[in-house]
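Q: Provided herewith is a single structure, encoded as structure tokens, for subsequent inquiry.
The values are calculated or read from the model by the stated rules, or taken from the named source; none is laboratory data. None of these values were measured; they are calculated from a predicted model. Quick reminder, even Gly has a Cβ in these numbers, built from the backbone with ideal geometry, and neighbours come from all protein chains shown. Heads up: the accessible areas ignore ligands, DNA and RNA and are worked out on the full protein's heavy atoms, side chains in. Shrake-Rupley method; radii C 1.70, N 1.55, O 1.52, S 1.80 Å.
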Amino acid sequence: MTVWLAGMEITADRLNDYTADDSISSGLTVASGWSSSGFSAIRSKGTVTIDVILTRTGATISGSTGNSADVELCTLPEGWRPPVVMETLYGNNQTFGGCVINTSGVITLRTTNTQDVANGNTIRVHATFNLTGAS
């Protein structure tokens, strides 16, 4: 529920409480060095679950040290982005690591285990968050 206070500016974000159920499978913007082989997002009562499947098309991301990678993966469509910065995981059958989703919808691969993410490798990012700010 939106609370209106004196002097508040009416904006699209303030009018949309994101509680209407919806789903999408398009609108993902893929970063350079990746291609998308699947995207879906479902919203139910303000809770969003995203599933992104990406294939590496660029240079290998080294996992030899397990250090921070800081590689941009993609950007979620407007209206399907978390209200606060959140951390989640990515993985496949060989490698896994951490991702960050910021409030502008950019998903960044932050860390890797000791396995490389090589050209042709597919990874999946899955996350659930609440758009309404409710806990």
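Q: Kindly evaluate N67 against the criterion of being at pLDDT below 95 and open to solvent by 60 Å² or more (accessible area, probe 1.4 Å).
A: In short, yes.
Q: Looking at the stretch 18-45, which of the residues that are at positive phi and over 16 Å from the mean Cα position of the chain (by Cα) is surrounded by the fewest Cβ atoms within 10 Å (Cβ to Cβ)?
A: Selected residue: K45.
Q: Related question: Taking only the stretch 87-121 into account, find how many residues are surrounded by fewer than 15 Cβ atoms within 10 Å (Cβ to Cβ) and closer than 21 Å to G27 by Cα.
A: Residues flagged as surrounded by fewer than 15 Cβ atoms within 10 Å (Cβ to Cβ) and closer than 21 Å to G27 by Cα within the stretch 87-121 amount to 2.
Q: Filter the stretch 122-135 down to the residues that are surrounded by fewer than 16 Cβ atoms within 10 Å (Cβ to Cβ), outside any strand (DSSP E or B) and touching a residue at least 24 places away in the same chain (Cβ under 8 Å) and list them by number.
A: Answer for the stretch 122-135, where residues must be surrounded by fewer than 16 Cβ atoms within 10 Å (Cβ to Cβ), outside any strand (DSSP E or B) and touching a residue at least 24 places away in the same chain (Cβ under 8 Å): T132, G133, A134.
Q: Identify, from the list N119, N113, the residue that is of a type outside the set (F, W, Y), within 15 Å of I53 (Cα to Cα) and not in a strand (DSSP E or B).
A: Just one listed residue meets the conditions, N119.
Q: Also: Is there any pair linking a residue in the stretch 103-121 that is in contact (Cβ under 8 Å) with a residue 24 or more places away in the chain to one that is outside any loop (DSSP other than H, G, I, E, B) and open to solvent by 60 Å² or more (accessible area, probe 1.4 Å), with Cβ under 7 Å and at least six apart or on different chains, and which?
A: V106/E72; T108/D70; T108/E72; R110/S68; R110/D70; T111/S68; N113/F96
Q: Then there's this: For the stretch 75-86, which residues satisfy the criterion of being part of a strand (DSSP E or B) and surrounded by fewer than 18 Cβ atoms within 10 Å (Cβ to Cβ)?
A: Of everything in the stretch 75-86, just one residue is part of a strand (DSSP E or B) and surrounded by fewer than 18 Cβ atoms within 10 Å (Cβ to Cβ), namely M86.
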